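Below is one structure; the comments refer to it alone.
What follows draws every value from the coordinates through simple rules; no lab data is involved. Computed from a predicted model, the values in this text were never measured in an experiment. Using ideal geometry, Cβ is built from the backbone for each residue, glycine included, and neighbour counts are taken over all protein chains shown.
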Amino acid sequence: MSLAFISLENVRCVEKAELGLHPERNLIWGPNGSGKTSILEGMFLLGRGRSFRTRNTERLIHYRTPQLTVFGRTADPERALGLQASRGAATVAKIGGEFLSSLAELSTVFPVQVIDPGVHKLLEESAARRRRWMDWAVFHVEHGFVEVWTRYHRALQQRNAALRDDATQASAWDPELIQLGESLAESRRRSLEGLQPYWQDTARSLVGREVELTYSQGWARDGTLADALRGSWARDEARGITHAGPHRADVHLRLDGLPAREVASRGQQKLIAVAMILAQLAMLREGFATSPTLLLDDPAAELDSTHLSAFIEQVLRLRCQLVVTALGPDPVMFSAPDRVFHVEQGRVRPV
Ligand SMILES: Nc1ncnc2c1ncn2[C@@H]1O[C@H](COP(=O)(O)OP(=O)(O)OP(=O)(O)O)[C@@H](O)[C@H]1O
Ligand SMILES: [Mg+2]
């Protein structure tokens, strides 16, 4: 599986661009502000329905236009997919000409992951990022997961709306919430258990030491979700939100038994976050014969030469499609790219 072709229209400063990509090593180079990251954002959008730089997709729409469009075609198997984001309207996407009911479905057709200079946020920022990280792998490992995930979040929204309007109606959602929520949590648990050997390997070779990765499901470990909902009812009613459930799940990273986000250096935080991503890719490749496309935006930033070589070795070992950005034509990642694109002021041309 790889991205064979992408066209972008009005993605930030890129008014129009078409790229025919190589299944292995692609390089996009150009000066600061030329549009390299914007192109990667367009690719990511196609597989995720969102950017990796902002939660607000509207920010990606070219200032002077009302909407952006991205089209793509994957190879092995060949699938066409497209996405359109407009100001003040919901983003819509299609696979093979059919509108999707949830953008999450894009993941199943075009698996894509990114490592950019903001990768440490995976450790530093809210649990929502780590849940997205967990869930993306589960989407590829368990085929019914997208549907369970989507239905759970809809039921949760309904329950929260009821809590605010007329709390006596809220518990009507509980049976569905409990059934879907337990199933979602179980899928995540299985996936993270399967990840452990890859995690230990990758963390050891990248960070150079043991980093513990543990899962918390979003309610007390030894109780059922039904118990947890009963236990949090008074708080739920008072605050108008549901306090227990897989929407509160997280993964915890510990170095020498202490939270990595508090004790790890900035460089180590970046390496831990990178290891989280690469371990998942290794698991998908070896355990599930899935090779996602990996976007690497300015990958050398902040890494010393020893860690950079370990990083490059891990990445090349994945043998997945790579799209790498750099300021010049000689990227640190590899010496001979299979395809090269030059970007200047939002205009892309193959070299
Ligand atoms: N919504 C938008 N509409 C038009 N232009 C935008 C929009 N958002 C950002 N830009 C501009 O797009 C340009 C390209 O940004 P981008 O981050 O892609 O550059 P880059 O090549 O990755 O640069 P760097 O090497 O500094 O990372 C910037 O000059 C930015 O001001
Ligand atoms: Mg950039």
**Request:** Could you tell me whether the chain comes out rounded, prolate or oblate from its Cα gyration tensor? Rule is a ≥ b ≥ c as square roots of the eigenvalues, rounded for a/c under 1.5, then prolate if a/b exceeds b/c, otherwise oblate.
**Result:** oblate
**Prompt:** Which residues in the stretch 196-211 have a backbone N closer than 14 Å to a point placed 7 Å from the Cα of Asp304 along the Cα-to-Cβ line?
**Reply:** 207-209
**Complete:** Output ordering of 126-137, 10-21 (per-residue mean of other Cβ within 10 Å, highest first) is 10-21, 126-137
**Given charges at beta-carbon only (K, R positive; D, E negative), |dipole| of the chain in Debye** = 640 debye
**Asked** If you take the beta carbon distance between Arg248 and Leu100 as r and set R0 to 25 Å, what does 1/(1 + (r/R0)^6) give as a FRET efficiency, to the nearest 0.05?
**Response** 0.40
**Asked** How many angstrom lie between the C-alpha centres of the stretch 269-307 and the stretch 210-243?
**Response** 31 Å
**Computed [θ] at 222 nm, deg cm²/dmol, the chain (DSSP H ≥ 4; -39,500 (n - 2.57); rounded to nearest 500)** = -13000 deg cm²/dmol
**Item:** Residues whose placed amide H lies under 5 Å from that of Arg79, excluding near-sequence neighbours
**Value:** Thr74
**Request:** Could you calculate the FRET efficiency of Ala167 with Glu262 from 1/(1 + (r/R0)^6), where r is the beta carbon distance between them and R0 is 41 Å, rounded to 0.05?
**Result:** 0.60
**Asked** Which FRET efficiency value, to the nearest 0.05, do you get for Ala90 and Ser335 by plugging their Cβ-Cβ distance into 1/(1 + (r/R0)^6) with R0 = 41 Å?
**Response** 0.40
